[in-house]
Structures are given as C-alpha cells and as structure tokens.
1. I'd like the residue in segment 353-409 that is farther than 25 Å from K322 by Cα and of a type in the set (F, W, Y) and, out of all such residues, is modelled with the highest pLDDT.
2. What is the residue count in segment 204-233 for residues that are assigned to a helix (DSSP H, G or I) and at pLDDT below 85?
3. V191 passes all but one of (1) closer than 18 Å to G102 by Cα; (2) modelled with pLDDT of 90 or more; which number fails?
4. Would you check which residues across segment 267-286 are surrounded by fewer than 18 Cβ atoms within 10 Å (Cβ to Cβ) and under 30 Å from A484 (Cβ atoms) and list them?
5. From I63, I34, grab the single residue that is modelled with pLDDT of 75 or more and not in a helix (DSSP H, G or I).
6. A442 fails exactly one of the following numbered conditions: (1) more than 22 Å from the chain's Cα centre (by Cα); (2) assigned to a helix (DSSP H, G or I); (3) more than 21 Å from S376 (Cβ to Cβ). What is the number of that condition?
7. State which residue is surrounded by the most Cβ atoms within 10 Å (Cβ to Cβ) when the search covers only segment 355-388 and only residues that are within 19 Å of T309 (Cβ to Cβ) and small (G, A, S).
8. Within segment 292-321, can you find the residues that are crowded, with 23+ Cβ neighbours inside 10 Å and among the hydroxyl-bearing types (S, T, Y)?
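The values are calculated or read from the model by the stated rules, or taken from the named source; none is laboratory data. Values in this document were obtained by computation on a predicted structure and should not be read as measured data. Note: ideal-geometry Cβ built from the backbone for every residue, glycine included; neighbour counts use all protein chains shown.
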Amino acid sequence: MSKTAHTTGTTGPSEPLAPNQPGAADPQRWKALIFIALAQLMVVLDATIVNIALPTAQQDLGISDGNRQWVITAYALAFGGLLLFGGRVADIWGRRRTFVAGLGGFALASALGGAATSEAMMLGARALQGVFGALLAPAALSLLAVMFTDARERAKAFGIYGAIAGGGGAVGLLLGGFLTEYLDWRWTFYVNIPFAVVAALGAYFVIREPSGARNRAPLDIPGVILSTTGLVALVYGFTRAEHSGWTDGWTIGMFVLSAVLLAAFVAVESKVKAPLLPLRVLTERNRGGVYLSLGLAVIAMFGLFLFLTYYLQVVRGYSPVKTGFAFMPMVVGMIVGSTQIGTRLMTRVAPRLLMAPGFLLAALGMLLLTQLDLDSSYTTVVLPAQLLLGLGMGTAFMPAMSLSTFGVDPADSGVASAMVNTSQQVGGAIGTALLNTIAASATTAYIADHAAGAADPKVLEFQGMVHGFTSAIWWAVGILVASAAIAFTLVNSGRPEIGAAGGGTGDAEDEVKVPVVVH
C-alpha cells in the first residue's frame, strides 16, 4: 500500500487514544498483563468449573432438581445484567480500583460458596460472584485497551487475552473434574481465592492506569435501571426457555419485557447528556460487527461444550478428569491460533481477514462433529474437530478483542469492554437454551420414530441422544458461517470515521489507517 500507517499505532487527532503513547509507555505494562490475564482466567474458569461440581453440590446441599438450574442462572443473571453498569463504574471510578474491588468481592463470594451449608447460601454466593464479575471483567479488558496502544504490543497483549477468553472454559472443565473427583466440590469455589489474591496484590503494586482516561460524567441512573432489568429479563428468558419451553407464558413474557426495556434504554441513551452506553460505541461499523459476530460465535461454542461433555461422559463413559483432558486439544489450538497466528498476522493483514477465515475454520471443525455416532473414534473425529475449532476461534477472537475497544475514547473504554462481555454472556445464554432445545426435540423425535424396532431401549436412548447432538451441531455450523459473513461484511478494517462517513469498502484506500501496522 502506498499510504502506510506508522508503527506508532496512532490514528490521528480525530480518533483519540490513551495518553500513554508508545514513546511514554508504562514500563510495567507487561507485568500488569500477567495479573490481568490471571483475573480473566479466573472469571472464565468459573463459567464452566461449577458445572462439573453441580451434581455433587446438589446432593450435599439438598437442592431440588427444579432449583439446581439456579446455581448457574443466579450467576448468569447478575453477571449479564450488570456488565454495562460495571463497565461505566470502571470508567468513572478508575479501572485499577474497580479491578481490585472486583477481585476482592469475587474472592469473598467464592469463599461463601465453598462454605455453603444451604441452598439459599449457595445461590446468594453465586449471585454475588456475578455482581463482582460484572465489575471485574470490563475493568480487565479496558485496562488492556488503555495500557497497550502500540500496534505490535497490542497484538501480543490481546493475543494472550484472547487465548484465555477462548480456552479458559475448557480448562475449567479439566480443573473442575480434578477438584471434584480427587478433593471436594467446594474446592471449585475455593480455588478462586488464590487467583484473586495474587491478581489483586499484583494489580495494586504494578498497574498504573494512564492519566486522563477517567470519565468524570455523572452516572446515568435511568440507563443503569433500564439496561440492568432489560438484560436480566433477556438472559432469564433464554435460561427459562431451556427447561420450560419457548411457548411458556413466563418465557414469552420475559422476552417481551426485555424488548420494551431495552428499547426504552436506547431511547434514553440517545437523549441524556452523559449516557451509560454512548450509542456511538455500538453504531460504529467495526465495533458493531465485532459485537454481533462474537455473540453468534459464542452461541455455537456454548453448544459444543454442552454436547461434547454429555457425549464423552454419558455416551462414552469418560470420567470428569478424562473429559477435561479430552478438551485439551481445543485449548492448545486456541492458544496457537491466538498467540501465534492472530498475533503474528494482525500487524500485517486487515482484522476481517483473520476473523472471517477463523470462524469458517471453526465451522469446519464443527462440521466434523456432525459425524458423531455411538462409537466414533476420539482420534479420528473428536480430536481433529477440536484442533480446527481451537485454531479457528483463537485466530478470530484475538483481533476481535482488540478491535472491540480500538478507537474508543479512553473515557468510554470500560463500557466498550463491557459490551464485549455482554455479547458473549447473552450469546452463551442463547446458545445453551436454543441448541439444547433443538437437541432435545430431535432426540424425542428420533426415539419415537425408532421405538418399535429397538432391541435395546438403552442403546436407543443413546442413539437418540447422539442424533439430537448432531442435529443441534448442524445449527452451530450455520451460526459460525453467519458469524464469518458478518465479520467479513461489517468489519471493513478502516478507521471508524472513514467507514461511517465514506461507507468504506475495505479496499486499499480504506485500510491504510487500520488499527494495526501496515507495511
């Protein structure tokens, strides 16, 4: 290209970045990354580690089958509903302070969960984990956004962060299996405490937030109320649909209520002087494409974790620990895709040329899993599928995480980071409910169609289960292809004002000021 971007990674005066430009970068930023990554790993682990321990915890605490879902739902509602509020708190109060407070609160909530002696105590602890997670997650990502502004350093930092965000859930399955099988389910909570203490101490002594990045505007209280209640209603609607059905009155009511509240939220945000979520964060083409494509990709990934876990443990008889190890190829693939492919190419090609092919590669891996049957070989089916999924998602997640906060005014980086987490949280709720419903319907239909000629009801049950999994995985393939199409179409790699004002096409003239180094 003739018009090359400078290796400073800046984008000109019309697109302000954090004041710590590469020439005056924080000398401790790489140490800070260690503690930010550790905190992010803790939050991501918690999303799956409790799932492994749930059956044992349910028995010990006397939680009924009807209420056990609330161990997961209480966390999801608090976390998903308060993310935008947490992101703005980080902008107003300071990201390091919010980060440390979130870690401290998460540790206390985890200790409460590990010491739980009743159902109410457990559910309260999970809700508190969600509250402090909603403070912690946006603060962590926004700290990266304001501390790493040089293009090459930003690529490396977000490569590490993206690998953790993508692969941490699978690591949680392994760790949860170990702790539950060899220690006690309570350690799936207690394990968060050393993570939080180390990360908080490191953050306190190492992280120095850039000056001038604080948002001093007053908090938008109507926006907080509308966004929180709207997101809670949306997440609860999907979690309720999973076990009560899509035609259930409460399910439909939650979706209607969510639509009304979120529409009111948008209307309020377009009029108030200091909005909780400035609409410019959402409407900028590249960030909008990232939020939408990431949310869709997470729908597919949550379905994979759910179905592959059941397939390995229930159908194939794997132990929790063996199941955790079985997910390791995906983790390795994500690390390689994020830190080696994504990081190395992000400073050379447009982000959409990583995101779209990455999602398509993941779709190819998912396509392999549609071939599952009762005795599928792990080596020839599950292993290559996981490697392709990991490489694809790692490659796509890395530039997506970086682009999601690029070009945002530093004072808005917390709420922009919260939108990334919100899209993932809502995507996870949709994925669990939607794909599980598809699988359950396909399983029921299969068993009904084959019941007459079945020699062994147990074998028929497993056959129906696998058929349900593969039917839902076909949907996941389509969702990942759609995610790739959205990324390629909307993420045009140009400077935000070019894409918005000039309808940038992503050609050479538009890509000269991308958020990367162009040689």
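1. For segment 353-409, the residue satisfying everything is F359.
2. Of segment 204-233, the ones assigned to a helix (DSSP H, G or I) are 204-206, 221-233.
Okay, now just the ones that are also at pLDDT below 85, so 204-206, 231-232.
Count: 5.
3. (2)
4. Across segment 267-286, the qualifying residues are L279, R280, L282, T283.
5. When all the criteria are applied, what remains is I63.
6. Of everything listed in (1) more than 22 Å from the chain's Cα centre (by Cα); (2) assigned to a helix (DSSP H, G or I); (3) more than 21 Å from S376 (Cβ to Cβ), A442 misses just condition (3).
7. Per the stated criteria, the residue is A362.
8. S293, Y311
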